[in-house]
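K.L.:
Following this message is one structure expressed as structure tokens.
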Amino acid sequence: METNIKNNAMKEIMSQTIPVVPAIDVIVFPHMIVPLLVVDERIIQGVNQALSGQKLVLLLSAKSYDEEHSQEVETENLYRIGTVASIMRVINVPEGGIKILIQGMCRAIVETIQTNDGILTANIKSVEFSNEEDEETTALIKNIKEISGQLSMTSQSFSPDFHTILTKMQNPEKIAEFILSHLDLETVKAQELLEQTNLNSLLEGIYQELHKEISVAQVQERIRNHTRDAINKSQNEFYLREQLKSIKKELGEHDEDFEVLREEIEAKPLPEKIKAEMSKQLNKLERISPDSMEASVTRNHIEWVLSLPWGIHTKDNLDITHAKQVLDEDHHGLAEIKERILDFISVKNLKQNGPSPILCFTGAPGVGKTSLGKSIARALGRNFFRISLGGVKDESEMRGHRRTYVGAMPGRFIQGMKKAKSMNPVILIDELDKLGSDFRGDPSAAMLEILDPQQNTEFYDNYLGIPFDLSNVLFIATSNDISAISAPLRDRMEIIELSGYTTQEKVSIAKNHLVHQAIAESGLNQQHFQLSEPVIEDIINGYTRESGVRNLSQQIKKLCSKAARIFVEKQEIISITNESLEKHLGPKRFVDELVHIKNMVGITNGLAWTSFGGEVLKIEALMMPGSGKLILTGQLGDVMKESAQAAMSYARSHAAEFHINEDRFTKFDLHIHVPAGAVPKDGPSAGITMLTSILSALTNRPIDASFAMTGELNLRGDVMPIGGVKEKLLAAKRNHMTSIILPEQNRNDYATIKEFTDGINVIWVSHANEVLDKVLLPSLI
């Protein structure tokens, strides 16, 4: 057919323009039959024009293209040598465009390319070889036919018919075109061969490509043989193992590893149902191939179950004197918690199998919640394990993953029981209030079962798949913010609040615990490093402002590090004094100054409680011309905003009592601001403080700055009770406040902490008027 084109019609084709079809990522050689998808409307028009004539198009490959607009190719981006192809079939595509089946006919070179009536066309001429056949051509043809025979035997891509047909062909050009139509070449290499005008160079290039195919085929064969050998070896091993099992069964012998597991199952004090389940799993393990994934999963499961401390209980030390001594050695103060632990030990003396309480220590960071759990374990003589739940959002962390998952593991509590090595350890659940939840479940829901004495006798872990008794565990949880724990979970625990420490308590803790700990960690001894009480107190006041002692411990360790360096470098012992503190710790972070500077209109000292302890908080109020709006700023929460609105309503309803003109409410705006605007604030205890600032601004009466106050306010003017009394009083004392106003209903709370408030005059109030009479000074007008 190509001969007919070349001899009879080529001159006619060359004298006319021919539609161009860009060939994307494919090179079509003569004799090749390939399908092409055409979606560009210009190209479709060109195909239709060809169908109305000789059904011939010119295929030109693109040098580069955009995948999203593959057929929108600029003419400059098309190669100038391509293939004249005959359109064999056209099919309309439902999604748009057409699919054409074409056959390459002969090579052609573009003389000119243009667009006529929106159709891309070209004038072409044929590509002729520049050299005649010679001896080199004959040698190359012989080599090509020889290597094609090897290729037919080694490569699955070339059938035996490929070699048979090739041996019968004599024309070098036909041989080249035939082989090129069968090779899978990269686009650039294929275009290079298509453009070749030297016959011997073309045959040389084809020979090299056939050599590459031979190399690839040999590698493929080697891989197939290796895989086949591995499979045969595996099958042979499986067959031999099965035979070995049968022989051992006939002889009454068993696998040593399986026997060890079987003996361990029998020796462990497992419940009967669990023992039967483990025996069933072991029998299953013996039947399956040891190389299978199921064997690995089953064996790991059995070993995990057997690694748990079934029946192992440490003996409780129920000596109350010993427990009291341990608790006092490790922690200063904390009388309420120590009493609760001693009560628990007393109950254990009377009833060994009684349920263990579930305690939750809540308080500011650094007050000793975590270390207290360790002390309780030491006092009882129990093993201790800590589980941190901060940031945990996946329920599987609690209950474990099902064994069907790759890399499945038991949950944290089962892992903790394994590491604790007893059925009755003390498990500290740290940062319980930091539990999260997402699409993977709610871990706090799993905690309900773990911390419920009625349910944790048969705790179900997804990985174990069997019930496990957690009822003998003494669970102790810790949190900074008890309100962040769900109500059902709070109901299952006994909440014990750890208040902040006074300065004197911190000094005592530092002397008896922190200094000794820092000296031991730094490698010093008592002669190398000493801190006096005044220096410790100066560190507390100048470098830490906290309810606990964590930052204090860090500062003392920093001083120890400085002392260690000086001793190593200069063999000198430094003496830490109040004057030398700034040299070693830098400038003081907190300067001792009164929160109140002077008596001012609209500025009141309030007392606030945060998860980090107590704070003195200023409330500022300011009047300005306007329309009676109440403006609230300072990142106030909803509850605090409502407290401000309630205070404003009380002030307006009692305006006559305070001699306030109605115009003050209608022609002026009132702006209430709480400084430290970047810190979110909320809670009801600032109600009376806000009322004081509001009335001060409305009446232009200054506020006595020696007072600080706290209390919730209702619309009748009653001062309601608040929480965090101790933390607030300690904050007032740290900031040198002399007079504190507290709700009358908090008097009972004060009875347990009044020894911490030396130098503070506490004033008890039950109504707003009592507060206002104390703190509002005569008007400046």
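K.L.:
Kindly put 736, 332 in sequence by how many other C-beta atoms sit within 10 Å of each C-beta, fewest to most.
P.N.:
Details: 736 15, 332 18.
Taking fewest neighbouring Cβ atoms as first place, the list is 736, 332.
K.L.:
Tally Lys/Arg at +1 and Asp/Glu at -1 over every other residue whose Cβ is under 12 Å from the Cβ of residue 602; what's the total?
P.N.:
Summing Lys and Arg as +1 and Asp and Glu as -1 gives +1.
K.L.:
Pull up all non-local amide H partners of residue 668: gap of 5 or more, or a different chain, and H-to-H distance under 5 Å with H placed in the peptide plane.
P.N.:
For residue 668, the qualifying residues are 626, 628.
K.L.:
Gap in Å between the Cα centre of the range 403-448 and the Cα centre of the range 150-206?
P.N.:
The distance from the Cα centre of the range 150-206 to that of the range 403-448 comes to 67 Å.
K.L.:
For helix 369-380, what angle does its Cα long axis make with the longest principal axis of the chain, in degrees from 0 to 90 and rounded to 10?
P.N.:
Roughly 80 degrees between the two axes.
K.L.:
Which net charge results when you count Lys and Arg as +1 and Asp and Glu as -1 among the other residues whose beta-carbon is under 13 Å from that of residue 334?
P.N.:
-2
K.L.:
Shifting gears a bit: 7 Å from Cα along Cα→Cβ at both residue 569 and residue 779: what's the point-to-point distance in nm?
P.N.:
Each label point is offset 7 Å from its Cα along the Cβ direction, giving 6.6 nm.
K.L.:
Once Rh is set to the Kirkwood radius over Cα pairs, what Stokes-Einstein translational diffusion coefficient, in µm²/s, holds for the range 503-585 at a temperature of 25 °C and a viscosity of 0.890 mPa s?
P.N.:
Details: Rh = 12.7 Å.
So the translational diffusion coefficient is about 194 µm²/s.
K.L.:
Under the definition of Cα pairs under 8 Å and six or more residues apart, what whole-number percent is the relative contact order of the chain?
P.N.:
7
K.L.:
While we're on this one: Once the Cα atoms of the range 399-474 are picked out, what are the Rg and Dmax in Å?
P.N.:
So, for the range 399-474, Rg and Dmax equal 12.5, 34 Å respectively.
K.L.:
Using only the Cα atoms of the range 256-307, what are the Rg and Dmax in Å?
P.N.:
Every Cα atom of the range 256-307 included, Rg and Dmax give 10.5, 31 Å.
K.L.:
May I pose another question? Let me test this: with uniform point scatterers at the alpha carbons of the range 320-498, what is the Debye-based log₁₀ I(q)/I(0) at q = 0.09, 0.11, 0.14, 0.19 1/Å?
P.N.:
At q = 0.09, 0.11, 0.14, 0.19 Å⁻¹ the computed log10 ratios are -0.31, -0.46, -0.75, -1.34.
K.L.:
Starting from the Cα coordinates of the range 251-381, work out the convex hull volume and express it per residue in Å³. Each step should come with its number before you reach the end.
P.N.:
Values: hull volume 23.4 nm³, N = 131.
Hull volume normalised by residue count: 178 Å³.
K.L.:
How would the range 600-775 be classified by its alpha-carbon gyration tensor: rounded, prolate or oblate, with rounded meaning a/c under 1.5 and the a/b versus b/c comparison settling the rest?
P.N.:
prolate
K.L.:
Which value in nm describes the separation of the simple spin-label points at residue 481 and residue 455, placed 7 Å from the Cα toward the beta carbon?
P.N.:
It is 2.5 nm.
K.L.:
How large is the helix-only mean residue ellipticity at 222 nm for the chain, computed as the sum of -39500 (n - 2.57) over DSSP H runs with n ≥ 4, divided by its residue count, in deg cm²/dmol to the nearest 500?
P.N.:
So the calculated ellipticity at 222 nm is -13000 deg cm²/dmol.
K.L.:
Among residues other than residue 492 whose Cβ falls under 15 Å from its Cβ, what is the net charge (Lys/Arg +1, Asp/Glu -1)?
P.N.:
Result for the neighbourhood of residue 492: -4.
K.L.:
Pop a pseudo-label 7 angstrom from the Cα along the beta-carbon direction at both residue 293 and residue 117 and give the gap in nm to one decimal.
P.N.:
About 6.3 nm, to one decimal.
K.L.:
First check a/c for the range 18-143, with a ≥ b ≥ c the square roots of the eigenvalues of its C-alpha gyration tensor; if it is under 1.5, answer rounded, and if not, answer prolate when a/b is larger than b/c or oblate otherwise.
P.N.:
The shape class here is prolate.
K.L.:
Turning to a different aspect of this structure: Normalise the Debye intensity by I(0) for the chain, one equal point scatterer per Cα, no solvent, then take log10 at q = 0.09, 0.10, 0.11 Å⁻¹ and round to two decimals.
P.N.:
Debye output, listed in q order: -0.92, -1.04, -1.19.
K.L.:
Taking neighbour counts of Cβ atoms within 10 Å as a proxy for exposure, in what order, fewest first, do 212, 733, 434 appear?
P.N.:
On the way: 212 11, 733 19, 434 16.
The order, fewest Cβ neighbours first, is 212, 434, 733.
K.L.:
When a footprinting reagent is the concern and you count Cβ atoms within 10 Å, what order do 650, 207 take, fewest first? All intermediate terms of the calculation are to be shown ahead of the outcome.
P.N.:
Working: 650 21, 207 17.
The order, fewest Cβ neighbours first, is 207, 650.
None of the figures in this text is laboratory data; all of them are computed from the coordinates on show. Please read these numbers as outputs of a predicted model, since none were measured by experiment. Positions of Cβ are generated from backbone atoms using ideal geometry, with glycine treated the same way; all protein chains shown enter the neighbour counts.
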